[in-house]
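Everything on this sheet refers to the single structure shown next.
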Amino acid sequence: MGEELEVRRTDGVVEVTFNRPQRHNAFTREMYAGMRELCAELRDDTSVRVLVLRGAGGRAFAAGNEISDFLEADAVAYEDWIRELLESLHALPQVTVAAVSGVCVGGGLAVATHCDLRIATAGSRFGYPIARTLGNALAGSIVYRCAAVFGESLTREMLLAARLVDAERAYAVGAVMSVAADTEALDAELATLVEGVLALSPVTVRATKHQLLDRARRLEASPEGDAEVLREVYTGPDFAEGVRAFLAKERPAFGR
């Protein structure tokens, strides 16, 4: 699927590596398109039991989205397109695992929270610091998914105080299932986890995933009028200032 989205297949397992370490693995439109294609392939592939997602370089799982992509499309339509991918990932019948080493923010956190399980290195950090970077907003369903994984208090801290949450705090609330000392230990933990999942009943896994997905769809649907709220944000002055400042490598001056 290209150099920036490496896909490795072994018996029963597909491992995807986000390979833009020079940009902290920030997602491009092409990477999202590749993920959409992969999810479509895996949807009916009973030979694959586990999907692993990880970032190259050890410094980041994924640090948001490539901002320049927002300049080349309708920002709200692009966010909606990304949301569709996240829903496809969440709905996969396979057990999905985010193996996080380093920064996991913005779009990276959205992907990780739409996986079934998360493991992380001790130095990993999670968050949505968009209120101090871009001045944009998330779809309601993505906010609700974060709250389902991290809890409402940490989700509020991530979004309303623009603070990052470290791996130990994420583990304490159950957002990650284990914390490894370093990348080597993370690989060992991942191998053990995958081996265990492959030994499980696929019937039980599929049935349970179906039940949990049904619950999430009912409880985490975006509120009425969410699209209009997002369009107001993305066409407003703060997002324009956020993009300008980001590309100029300056601190944005919001709401002034």
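Couple of notes before you dig in:
- Contact map, the stretch 203-229: residues that are within 22 Å of VAL95 (Cβ to Cβ) paired with residues that are assigned to a loop (DSSP other than H, G, I, E, B), Cβ distance under 6 Å, separation 6+ or inter-chain. Pairs shown: ARG206/PRO93; LEU213/ALA91.
- Contact map, the stretch 104-121: residues that are assigned to a strand (DSSP E or B) paired with residues that are acidic (Asp, Glu), Cβ distance under 8 Å, separation 6+ or inter-chain. Pairs shown: ILE119/GLU189; THR121/ASP182.
- Subset of the stretch 78-96 that is in contact (Cβ under 8 Å) with a residue 60 or more places away in the chain and part of a helix (DSSP H, G or I) - its residue that is nearest to ALA148 (Cα to Cα): HIS90
- Residue ID - farthest from ALA110 (Cα to Cα), chosen from residues in the stretch 16-29 that are open to solvent by 30 Å² or more (accessible area, probe 1.4 Å) and not basic (Lys, Arg): GLN22
- Residue within the stretch 225-235 that is in contact with a strand residue (DSSP E or B) (Cβ under 9 Å, 6 or more places away or on another chain), open to solvent by 90 Å² or more (accessible area, probe 1.4 Å) and among the acidic types (Asp, Glu) present: no
- For the stretch 49-65, a residue qualifies if it is of a type in the set (A, V, I, L, M, F, W, C) and over 20 Å from TYR32 (Cβ atoms), and exactly one does: VAL50.
- Any hit, the stretch 203-212, residues being out of contact with any Lys or Arg (no Cβ under 9 Å at 6 or more places or on another chain) and closer than 23 Å to ALA60 by Cβ: no
- Scan of the stretch 147-182 for residues that are part of a helix (DSSP H, G or I), of a type outside the set (Lys, Arg), buried (at least 16 other Cβ atoms within 10 Å of the Cβ) and in contact with a strand residue (DSSP E or B) (Cβ under 9 Å, 6 or more places away or on another chain), ordered by number: VAL149, PHE150, LEU154, GLU157, MET158, LEU159, ALA167, ALA170, TYR171
The values are calculated or read from the model by the stated rules, or taken from the named source; none is laboratory data. A quick note: this is a predicted structure, and the numbers were derived from the prediction, not measured. Positions of Cβ are backbone-derived with ideal geometry, glycine not excepted, and every protein chain shown enters the neighbour counts. With ligands, DNA and RNA removed, areas are computed over all heavy atoms of the protein, side chains included. Shrake-Rupley method; radii C 1.70, N 1.55, O 1.52, S 1.80 Å.
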